[in-house]
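Working notes for the structure below.
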Amino acid sequence: MQQRFPLLFTLIIVLIVQSCKIADLRTSELNPDLPHREDKAIQLLDGVIKKYRLDILETSKNYSFKAKDDWKGLYAIANPFPKDNELMQMRFRPFSFDGQFNYLETRNKTIYGVQSFKHYRINEEGKVSFRRKKSISFTLPAIQYFFELPLRLRNAPILKYAGVREFENKTYDLVFATWDKLKPHKEHDQYLLYIDRESGNLSFASYTVRGMYLPVPKSVFGSIRFDGLNKNENGVTYPEKLYIQLNKLKKPKRALHTITISDLRLNSFPLPLLYPDKNIQYKGDSKF
């Protein structure tokens, strides 16, 4: 793993042009003179939450799902996890940054987790060891955040309608979300959500990466294609695949990596499992 980061930095230099300009996802249709929380933006997100029954997920004590994270070709050097494209069991607490995973089809039964952004491992004998592993401390909460995205952004202090965009022969309403101030700044990320006018589905999202654990230019941002919809036994709808892409939206085959999710279960494990260190303060939805 230690040798991946020099290689990854070289890859980033090849893929993008270095720039001091900070990524800005605001659209020309976004009106700065309207309130920070616009009714139309709230209604659009509420529509997604209602359609997907994310209120059920929100009120659950915890949830789990199975996942594979497939990094293609040269991009595999950027994989922050110990294995590539291996079936994982992931466990989370809603509206937190507390989660963990283990591999289901290997002899190694190690549990990898993050508690309030602090990475730990639990070995097969149950011994817990906390360690500095910024790649997992960043990536595992990011996967959780993307999975809960409509819920997480619903209460953002800045939630604005950002206009209409035509993409791949469909029409989307755009919702922009950020914190503190509308103008881009290094402390908080921006999100731009694409909500299908016809179906009401959340189809795409773009996001900045201000707190990336790697030395990437501030001009870099990411995009997600949400593909396929599954429904669990409680009625919660969730995406089958997340195509994670560099900068603007592209065809699925041009993803950096693809996360495949299945078998969502609510309240399927004891919540204390996510808290091996009782002395670490619970942060909830706060990153600070």
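The value given for the stretch 173-288 is a Kirkwood hydrodynamic radius of 16.9 Å, derived from the mean inverse Cα-Cα separation.
Accessible surface for the chain, divided over its residues, is 50 Å² per residue with a 1.4 Å probe. Close amide H contacts of Leu229 (hydrogens built in the peptide plane, cut-off under 5 Å, sequence separation of 5 or more or a different chain): Glu240. When Trp71, Trp179 are compared by accessible area at a 1.4 angstrom probe, the order from most to least is Trp179, Trp71.
Charging the Cβ of each Asp and Glu at -1 and of each Lys and Arg at +1, and nothing else, the dipole of the stretch 138-240 about its Cα centre rounds to 460 debye. Over 24 Å apart at the Cα level, from the set Lys109/Lys231; Lys118/Lys183; Lys72/Lys287; Lys40/Lys181, are Lys109/Lys231; Lys118/Lys183; Lys72/Lys287. Relative to the 2.2 N^0.38 Å rule of thumb, the chain has a C-alpha radius of gyration ratio of 0.99.
Atom-type composition of the exposed protein surface of the stretch 178-282 places 48 percent of the accessible area on carbon and sulfur (1.4 angstrom probe). The distance from the alpha carbon centre of the stretch 56-105 to that of the stretch 224-241 is 15 Å, rounded to a whole number. For the chain, the longest principal axis of the Cα atoms and the long axis of helix 39-52 meet at an angle of about 40 degrees.
Accessible-area rank, largest first, for Arg132, Arg225, Arg265: Arg132, Arg265, Arg225, with all protein chains present and a 1.4 angstrom probe. Here Val216 sits with roughly 30 square angstrom of accessible surface, probe radius 1.4 Å. Projecting the Cα atoms of Val175, Ala156, Ala205 onto the dipole axis of the stretch 146-220, where Lys and Arg carry +1 and Asp and Glu carry -1 at the beta carbon, places Ala156 farthest toward the positive end. Taking every pair of alpha-carbon atoms in the stretch 52-135, give the share separated by more than 23 Å as a whole percent. Taking all Cα-Cα pairs of the stretch 52-135, the fraction more than 23 Å apart is 29 percent.
Annotation: aspartates and glutamates with alpha-carbon distance below 19 angstrom to Lys83 (same-chain offsets under eight excluded): Asp69, Asp70, Glu105, Glu124. Considering only alpha-carbon pairs that sit under 8 angstrom and 6 or more positions apart, the relative contact order computed for the stretch 91-194 is 15 percent.
Here the dipole of the chain is about 780 debye; that uses its Cα centre as origin and unit charges on the Cβ of Lys and Arg (positive) and Asp and Glu (negative). When peptides 125-131, 40-46 are sorted by average Cβ neighbour count within 10 Å, with the highest value leading, the order is 40-46, 125-131.
Here the Kirkwood formula puts the hydrodynamic radius of the stretch 42-183 at 17.4 Å, using every distinct Cα pair.
Surface composition of the stretch 61-135: carbon plus sulfur atoms hold 47% of the accessible area, using a 1.4 angstrom probe and ignoring ligands, DNA and RNA.
The values are calculated or read from the model by the stated rules, or taken from the named source; none is laboratory data. Since we're looking at a predicted model, the values are computed, not measured. All Cβ positions, glycine included, derive from the backbone under ideal geometry; neighbour counts span all protein chains shown. Ligands, DNA and RNA are excluded from the accessible area calculation, which covers all protein heavy atoms including side chains. Shrake-Rupley method; radii C 1.70, N 1.55, O 1.52, S 1.80 Å.
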